[in-house]
Amino acid sequence: MSEGDLLADRKRLKQGLNSWRTIAVLALFGAAAVLVQQYGGPIKGGKGAMPGSHYIAELKVENIISDDAERDELIEQIKEDNDAKALIVWFDSPGGTTVGGEELYLQLKAVSKEKPVVGVMRTLCASACYMASLGTDHVLARNSSLTGSIGVLMESVEVSRLADKLGVTPITITSGKYKDVPSMTKPITDEERAYLKETIDDAYDQFVELVAQRRGLSKEYTREVADGRIYTGRQALPLKLIDGIGGVEEARLWLEKEKKIDKDLPIELIEPEPEYPSLFTHLSQWAGIEIFNRSAIGLDGLISIWQHSPVQ
């Protein structure tokens, strides 16, 4: 090999090494950027106001309501933050589990002992969402907002006839006669239905008692309006299920008039940190594979939800 060929080979090798070094440096900077974005971002809650400046906190309650430790932590932060002079809660949910609604109610009620809490119903605040709104000091809705649907339900599917057609014989071994009630593999009996109805009625009684207590209504009147039907905001107002018609601006005016809180204080939306997809999630999406879909999860326990709302 001539000296010229050797020099050409060395030049190509050097260029190749430089290219790999450049790629390695870019990869390093990319990884650093991801780490900064994921672990060095804003404090949870995203409070934009400067420390020591007063503001009105805003929290959004959307979609299906269930137990949510992250949401509860945010509410606790708002309660403990002396700079947050009030809390406005946006409600836009068809409901969820009875426990989820009860827990959110208790959380908001605890905040109301420290600072005023105003609920603002948007498109829909029904069932467990309405239960949660009872934790506020004052609740508003638009004329066309949908609310109410006060009640509890339990749903199941029974497929024994389908199993017979398919030649499938289900086998269930239980520790007691009610352990598999309701069952997907055998028809429900009158005795089993009565047992389940007792449980549903007890949860419903708790809901009615809560509405009556928080809205200052008699239990008899509450049962009349709490028959599961949905109401518009305009209908709910004379029924005393809400306190007024309006939105955030009306909430500000109420806070100023009733609680002496400046209506011009900035509103700060308090929300969880964004979730950054893992490398595994990125690879799954790139490959077109959806390993786990949260929206496919069912609701466990007793449900208080407006059935005609789409669940995605």
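Rule-based calculations on the coordinates, nothing more; no lab input. Everything numeric here is computed off the predicted structure, so don't read it as measured data. We place every Cβ from the backbone using ideal geometry, glycine too, and count neighbours over all the protein chains shown.
Tabulated values for the structure
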quantity	calculated
Three semi-axes of the equivalent ellipsoid, the stretch 114-224, Cα gyration tensor, whole Å, largest first	40, 17, 12
E209 versus N63: modelled label distance in nm, points set 7 Å from Cα along the beta carbon direction	3.3 nm
Per-residue HN-Hα couplings for the stretch 249-256 [Karplus 6.51, -1.76, 1.60; θ = phi - 60°; Hz; x = Gly/Pro]	4, 5, 5, 4, 5, 5, 4, 5
Karplus 3J(HN,Hα) series, Hz, for the stretch 196-207 with 6.51 cos²θ - 1.76 cosθ + 1.60 (x for Gly, Pro)	5, 4, 4, 5, 4, 5, 5, 5, 5, 4, 4, 4
Amide H partners (placed H, <5 Å) of E114, local residues excluded	none
Mean Cβ neighbour count within 10 Å, used as a protection proxy, ranking 203-215, 133-145, 173-185 highest first	133-145, 203-215, 173-185
Residues L162 and D72, FRET efficiency given R0 of 41 Å [Cβ-Cβ distance, rounded to 0.05]	0.50
Quarter of the Cα convex hull surface for the stretch 53-164, i.e. its orientation-mean projected area (nm²)	8.6 nm²
Normalised contact order of the stretch 152-217, rounded percent, pairs of Cα under 8 Å and 6 or more residues apart	38 percent
Residue-span extension gain [E114 to E155] - 0.36 nm each, minus C-alpha spacing	10.9 nm
Alpha-carbon gyration tensor eigenvalues x 5, square-rooted, for the stretch 152-217, Å	35, 13, 8
Karplus 3J(HN,Hα) series, Hz, for the stretch 259-271 with 6.51 cos²θ - 1.76 cosθ + 1.60 (x for Gly, Pro)	10, 6, 9, 3, 6, 8, 4, x, 9, 10, 6, 9, 8
